[in-house]
Structure formats: C-alpha cells, structure tokens
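One structure is given below, encoded as structure tokens.
The values are calculated or read from the model by the stated rules, or taken from the named source; none is laboratory data. No experiment lies behind these values; they were computed from the predicted model shown. Cβ placement follows ideal geometry from the backbone for every residue including glycine, while neighbour counts extend to all protein chains displayed. Keep in mind that these areas ignore ligands, DNA and RNA; they rest on the heavy atoms of the full protein, side chains included. Shrake-Rupley method; radii C 1.70, N 1.55, O 1.52, S 1.80 Å.
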Amino acid sequence: MTGEGTQSPELCLDLNLPPPTQGLMKGDECEEQGPDPKPTAPQQPTEEEEALIEFYRSYRDLFQFFCSNTTIHGAIRLVCSQHNRMKTAFWAVLWLCTFGVMYWQFALLFEEYFSYPVSLNINLDSDKLVFPAVTVCTLNPYRYPQIKGELEELDRIAEQTLFDLYKYNSSSILVAQRRGRRDLGETLLHPLQRLWDPDLPPVVRRARSTASSLRDNNPQVNWKDWKIGFKLCNQNKSDCFYQTYSSGVDAVREWYRFHYINILSRLLDNFTSLEENELGNFIFNCRFNQASCNQANYSQFHHPIYGNCYTFNGENNSNLWMSSMPGIDNGLSLTLRTEQNDYIPLLSTVTGARVMVHGQNEPAFMDDGGFNLRPGVETSISMKKETLDRLGGNYGDCTNNGSDVPVTNLYHSKYTQQVCIRSCFQESMIKECGCAYIFYPRPKDVEYCDYWKHDSWGYCYYKLQDAFSSDRLGCFTKCRKPCSVTSYWLSAGYSRWPSVKSQDWIFQMLSLQNNYTIKNKRNGVAKLNIFFKELKYKTISESPSVTMVTLLSNLGSQWSLWFGSSVLSVVEMAELVFDLMVITFLMLLRRFRSRYWSPGRGRRGAQEVASTPASSLPSHVHPQSPSPTSSAPSPDTSLALTAPPPAYATLGPCPAPSSLAGASSSAFHPGEP
C-alpha cells in the first residue's frame, strides 16, 4: 500500500499512433504526464533534429514547405499572402494556367518529335566521276530473213487481216492466192476482229449498219463506229472478253506481238544462233576519252522486242571508266548502223536505236528509261549526276538492300523499285497463270507462256495487267523505294550528220572500214555522244529535323519561359510528387491498420498481457512501490491486472483522453486500498 499523497504514473493507451517500433512523422510529439520523473518515455527526435528519412504530417505542411523553398518562380506567392485570400487565389489560378499552357506546349513538342520530320540537305561537290553504264539496242529483235520461216503463217494471216479490214494489199502473192480469214484462222488462235463500239448509241449503230455494204461480209472499218480487237477466254470458256483498240495500228501491233510472244517462247531454247553477237554488225565506231573501245568494255544481252543490246562500262567491265574532264571530247562516242532492210515489218515500226543511261549494277529497262535515236542525226547527250540518300526506319518507308521486302529479286542485281515491281508481277503471273511472262526473268523449272501449252494465258495476262495497273496486286505497296538512289539528269541536242559536203567520204570510209556497203546513206547511220556537262554533282540527303537533343532543348526553353527554372526544379517537382505518394500511402496504411488489423489482435493481446509476469514488463509500465515497507497488492489489485486490456496500437505514458475515462478506471493505483 502507498501513502495518500503519492500519485503513480498512469498507463496510457494511444489509439492513433503506430507501435513503438515505428518512427514518428515529422511534427509528432508525445508529452509525459505526472509529477513522477522516474518513468520516462523513449526519446523522440525534436524539430531541430534532422532524420535520415522524414515525411510531413499533412498535405498542407508539405505544400507550404515546397512553395516556400522551391526555385520555381511564383510558387512563393501562394503562401506569402495567407491573409489575403483574393491575392492567393489569383496567384493560384495564374500558376495553374501557366502550368497547363507549358504542358500544352510540351505536348506539341512531343507530337512533332514522334511525327519524325526530316530536313533536306543539299551539298554540291566536284570530283572525278565514274562514268555510268550506257546500253544501246538495235530496235529489231531478229533479222527477218533468219526468222521468216517461223513467222510465215503469222505474216500471212496478218496480211489477209489487213486486206479484209483496210483493203491494204502488201503482197502480190496475196492477190493471186487469196484465202478467207476464216480458213486461215483455223491454224491460228485469237484472230483479229472488228467490233461495234459499245459506247455508240443503238440508233446510230443501226442506221450506219444498214448503210454499210455487207456483200462480202468484210466491210471497211469506220473508226467512228468500230473497234478492232481479239477475243480471249478462260480455261473452260465460261468467261470471255475482247481486247480492243480504237486505233487500227495499235490493234494490229498488239495482236501481232501477242502471237509473236507465243512463237518466241518456243524458239528461245532451239534458235539461240539467231542472236547477233558481233558488235561490229551494229556499232561501226566506239571511243571513250579519245581511246578506242575493246571487247572488255561491253557486254551483250537480247531483248524480245528491242533486239540485241550492248552495255558499255557495265558491272562486268574490269576497269570502270572515269571522267576527269567534262565536255564532248571526254565522253563516249558511238557510230551506229540503223538500216531497216532486215526489220520485221509488223513488229519493228520504229527505226534508229534505243539508248539508256543507268548505274553499273542496275538492269537496263529499255521501255522505262530509254529513248530513241534518229537516223542521220548526231545526238549529243550531256549528263548531271545526282544522289539521293533517304532516312529509313521511322523517318521514311525505304529499304537499304531489299532484304526486308517480301518479293524475290529475279534479276539478281542491285535492288531498285523497278526490279521489285517486275519481279512481283512475274510472281503473280506464275501463281495465277501457271507460266512466266517472256519479257521478265523466270525462276527455275518454270516455262514461258505459250497458248499451245497454256491456252488461257492471254486471258489471265490481260486480267492480271489490269489488276496490276490499279495496284490490286499490291506490288506498288510491297516494293518500297531504295534508301540510296543515284540518277542522271540528261539533256540532248541534235544536229544533222553527216553534212551534205562530207557525207560522201564519211560513208566511203565507214563502208571500207566495216566491210559493209551502206545502201540508204542518210537513214543508215546515226551518231551518239554522251558526256558529263560538268563534274559538279548534287547530293541530297535527309536528316532528322527534331532530334533528342533538340527536343530536350525545346522543353528546357519552354520550362524557362513559363517558370524561369532549371533542371533542378524538375527534380524538386519529382520530389514533391514522391512525398505526396508516400504521405498518401502512410495515411491509407494507418487507416487500414486501425480498421482491420488492431481489432483482430485484441483477444490474443489480452492473453499475452495476462500471462506475462509483472517483472518482465517495462519499467514505465510496471508500478514501483514508493516505500520499501509496502505490502503485496491486494486481491482486488491482482484481479485488475489479470483483466484483459483492450488491444491498442501503442502503449506509453501520456494523458488519457476523455473518451477513455471508462478504460482508465481499470488502471493500477498502488495507493488505493
């Protein structure tokens, strides 16, 4: 028992504080109550002490500290005018609006960066240039006397068709041995026919049909009423259409070409001797930089329409030609034979030669980039080189070498867009028609199209050509542009050659030199000069308009414009966001523990307290008798100790709240009897 004036420390139960093992947040204090100095609470950090990790007690304290100490302009105005709410509200609205405008500018900068814009850089350089490859073709696939036997039946049907449709008599034999086209058509598929113009009004069509003469069933063609074409059908003849032309010349040429392709597909493997391999039969003279050409400077290939073609300074040339000086005397000079005596009449309707300038490792597509030379004329072509380098990846849809293009390169050459497009069409032709088009390379074990083996290939080809032109085959989508392209800009000048005064001795010298008599002198020769106009060449390259460095610079400029701060201010903002997240997390954790975790431990906590000896309790919890003569506690006191206390989060000496008055009545008072 104790004396009456003695007061012992109370056992205080705090519902709001974490367990003693948890650190207190900045600003938390716990004051000791009671006059007895012996039971002391654990030492807590004061406001002057700096902890390793500390967080603010509320959002208000955190925001006030940030605005008072940040380097961002204008933030201090939010807390320095606490007694003037209108000014504080004005600065808050202004600060938020400025913040929103800045991030709107940020969004525009990021949008520009991720659109991947490019800038064009143009550089003009001057140096020695590699002379490009030059391909020259004869415009006549075969000499007519050598292939006349294979084309005899086709020529006879063509002559009869021209006579029936246009009353044109091209041979005296045709008049003496005239046969109807119906009889001739039995030996040749797809005859040429005249057809009513489907766009002609029916009334006009009937009136003109009545006025026309039908006595021989072969009236002359009136271009206003008729179209010329030939019929094509699919495999089972269930679908047919007419390939028609408004021009009779175009219709006859296309019809003759269609049948010529079928004949040629059977001759490629058996009549290779028809190709003209001797350069001297076509080119009388060749010089580059005032030096004569030799056999190592050119290569030869055969084109089904343009005939024998010769490529000078191609990829097979051991030593590529270099141009160190501009001008006509420092380029390529060719004298060509252009006589038409051996031309195929209905196939070769153009006289002269065809020329194309291209890169060394690029195939020569004569029908795309070539141009014709006129006989009896000296053609001088000056060149300018231009190189274009595109950015790939996100900056442009281009390919470096075509390895990422889903089309097989059938030309086995450098990737170009035309190489890819033609290879794509050939793949579609083989897949849909079962044979290869003769104008393009074919894969192994694939035959060229021939209507004696593939009777509906013409129907398939023209349908496929229509789909190709409208890009329904997807070739233009699949075949991307190359990232690096070298092109040559050409300009041509023409003059009559040879002149009237010099033509006699020039033709005489050419005849003796090449052991060939030029019959039609003016139309029998042509001259070609190709040279660099200047050694300056243009390089156009793409570069990113907005790089990461530019983006960061623009972002910093916007940040400085609206807030007048630096990168360290961004770190302060990040720290503010982190502190907000931590405070929010701690508040949610405290609410969760007070609602779910602490009540669940109430009964177990009571049992642990009841079974713990008094001597093992902390000194500030275990009551000490003020007098050594004090007797043992009364039974009532023992019952008070063994009663299960509520399970509180913390246990420490502090004043009991008024709401806990009922609970504090069960505390141990040694002075009571």
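Regarding ARG496, is this residue open to solvent by 60 Å² or more (accessible area, probe 1.4 Å) and either within 32 Å of the chain's Cα centre (by Cα) or more than 30 Å from VAL405 (Cα to Cα) (or both)? Let's see the steps before the verdict.
Values: open to solvent by 60 Å² or more (accessible area, probe 1.4 Å): yes; either within 32 Å of the chain's Cα centre (by Cα) or more than 30 Å from VAL405 (Cα to Cα) (or both): yes.
Considered against the rule, which asks whether it is open to solvent by 60 Å² or more (accessible area, probe 1.4 Å) and either within 32 Å of the chain's Cα centre (by Cα) or more than 30 Å from VAL405 (Cα to Cα) (or both), ARG496 comes out as yes.
Would you mind telling me which numbered condition in (1) in contact with a Leu (Cβ under 8 Å, 6 or more places away or on another chain); (2) within 30 Å of PRO544 (Cα to Cα); (3) β-branched (Val, Ile, Thr) ILE122 fails?
Unmet for ILE122, out of (1) in contact with a Leu (Cβ under 8 Å, 6 or more places away or on another chain); (2) within 30 Å of PRO544 (Cα to Cα); (3) β-branched (Val, Ile, Thr): (1).
Scan region 414-443 for residues that are open to solvent by less than 30 Å² (accessible area, probe 1.4 Å) and in a helix (DSSP H, G or I) and report the count.
Residues of region 414-443 that are open to solvent by less than 30 Å² (accessible area, probe 1.4 Å), as a first pass: 415-416, 419-426, 428-429, 433, 435-438.
Among the residues that remain, those that are also in a helix (DSSP H, G or I) are: 419-426, 428-429, 433.
Number of matching residues: 11.
Working only within region 444-481, note down all residues that are open to solvent by 40 Å² or more (accessible area, probe 1.4 Å) and more than 24 Å from TYR411 (Cβ to Cβ).
Correct list: TRP452, LYS453, ASP455, LYS463, ASP466, SER470.
Those residues that are farther than 24 Å from ILE530 by Cβ and touching a helix residue (DSSP H, G or I) at 6+ places or on another chain (Cβ under 8 Å), I need them from region 375-410; list them, please. Before you say what the answer is, go through the steps one by one.
Start the filter on region 375-410 by keeping residues that are farther than 24 Å from ILE530 by Cβ, which leaves 389-410.
Those that are farther than 24 Å from ILE530 by Cβ and touching a helix residue (DSSP H, G or I) at 6+ places or on another chain (Cβ under 8 Å): GLY402, VAL405, PRO406, VAL407, THR408, ASN409, LEU410.
Residues checked against (1) aliphatic (A, V, I, L, M); (2) under 30 Å from VAL350 (Cβ atoms); (3) surrounded by 15 or more Cβ atoms within 10 Å (Cβ to Cβ):
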{"position": "PHE65", "(1), (2), (3)": "no, no, yes"}
{"position": "GLY74", "(1), (2), (3)": "no, no, yes"}
{"position": "MET86", "(1), (2), (3)": "yes, no, no"}
{"position": "PHE90", "(1), (2), (3)": "no, no, no"}
{"position": "VAL93", "(1), (2), (3)": "yes, no, no"}
{"position": "VAL101", "(1), (2), (3)": "yes, no, no"}
{"position": "SER119", "(1), (2), (3)": "no, no, no"}
{"position": "CYS137", "(1), (2), (3)": "no, yes, yes"}
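Cβ contacts < 7 Å: first residue over 7 Å from PRO141 (Cα atoms), restricted to region 297-310; second residue among the small types (Gly, Ala, Ser), any location; separation 6+ or different chain. Result?
SER299/GLY314; CYS309/ALA364
Restricting to region 524-577, name every residue that is open to solvent by 30 Å² or more (accessible area, probe 1.4 Å), at pLDDT below 90 and of a type in the set (Phe, Trp, Tyr).
TRP562
Could you please give the count of residues in region 520-529 that are outside any loop (DSSP other than H, G, I, E, B) and farther than 12 Å from THR335 by Cα?
Initial filter on region 520-529 (outside any loop (DSSP other than H, G, I, E, B)): 521-529.
Still in the running and farther than 12 Å from THR335 by Cα: 521-523.
Final tally of qualifying residues: 3.
Within the group GLU150, GLU159, which residue is open to solvent by less than 90 Å² (accessible area, probe 1.4 Å), at pLDDT 70 or above, under 54 Å from the mean Cα position of the chain (by Cα) and farther than 25 Å from TYR461 by Cβ? Spell out the reasoning first.
On the way: GLU150 fails: farther than 25 Å from TYR461 by Cβ.
That would be GLU159, the only listed residue that is open to solvent by less than 90 Å² (accessible area, probe 1.4 Å), at pLDDT 70 or above, under 54 Å from the mean Cα position of the chain (by Cα) and farther than 25 Å from TYR461 by Cβ.
Of all residues in region 359-390, count the ones that are in a loop (DSSP other than H, G, I, E, B) and either assigned by the TED database to the domain that holds GLU152 or in contact with a Gly (Cβ under 9 Å, 6 or more places away or on another chain) (or both).
Within region 359-390, the subset in a loop (DSSP other than H, G, I, E, B) is 359-365, 370, 374-376, 390.
Now narrow it down to the ones that are either assigned by the TED database to the domain that holds GLU152 or in contact with a Gly (Cβ under 9 Å, 6 or more places away or on another chain) (or both): 360-361, 364, 374-376, 390.
Counting residues in region 359-390 that are in a loop (DSSP other than H, G, I, E, B) and either assigned by the TED database to the domain that holds GLU152 or in contact with a Gly (Cβ under 9 Å, 6 or more places away or on another chain) (or both) gives 7.
Quick one: is TYR411 free of Cβ contacts under 8 Å to residues at least 60 places away in the same chain, surrounded by 14 or more Cβ atoms within 10 Å (Cβ to Cβ) and over 14 Å from the mean Cα position of the chain (by Cα)?
Values: free of Cβ contacts under 8 Å to residues at least 60 places away in the same chain: yes; surrounded by 14 or more Cβ atoms within 10 Å (Cβ to Cβ): yes; over 14 Å from the mean Cα position of the chain (by Cα): yes.
So TYR411 passes the test.
Which residues, taken from region 448-465, are more than 35 Å from the chain's Cα centre (by Cα) and not in a helix (DSSP H, G or I)?
Of everything in region 448-465, those that are more than 35 Å from the chain's Cα centre (by Cα) and not in a helix (DSSP H, G or I) turn out to be CYS449, ASP450, TYR451, TRP452, LYS453, HIS454, ASP455, SER456.
So the check is Cβ under 9 Å with 6+ separation or different chains; which pairs have a first residue in region 284-295 that's over 10 Å from SER333 (Cα atoms) and a second one that's open to solvent by 40 Å² or more (accessible area, probe 1.4 Å) and in a loop (DSSP other than H, G, I, E, B)?
Matching pairs, first to second residue: PHE284/TYR516.
Does MET356 satisfy the condition of being in contact with a Leu (Cβ under 7 Å, 6 or more places away or on another chain) and either part of a helix (DSSP H, G or I) or among the aliphatic types (A, V, I, L, M) (or both)?
Details: in contact with a Leu (Cβ under 7 Å, 6 or more places away or on another chain): no; either part of a helix (DSSP H, G or I) or among the aliphatic types (A, V, I, L, M) (or both): yes.
No: the conditions fail for MET356.
If TRP562 satisfies every condition in (1) part of a loop (DSSP other than H, G, I, E, B); (2) touching a residue at least 40 places away in the same chain (Cβ under 8 Å) but one, which is the exception?
Here TRP562 meets the rest and fails (1).
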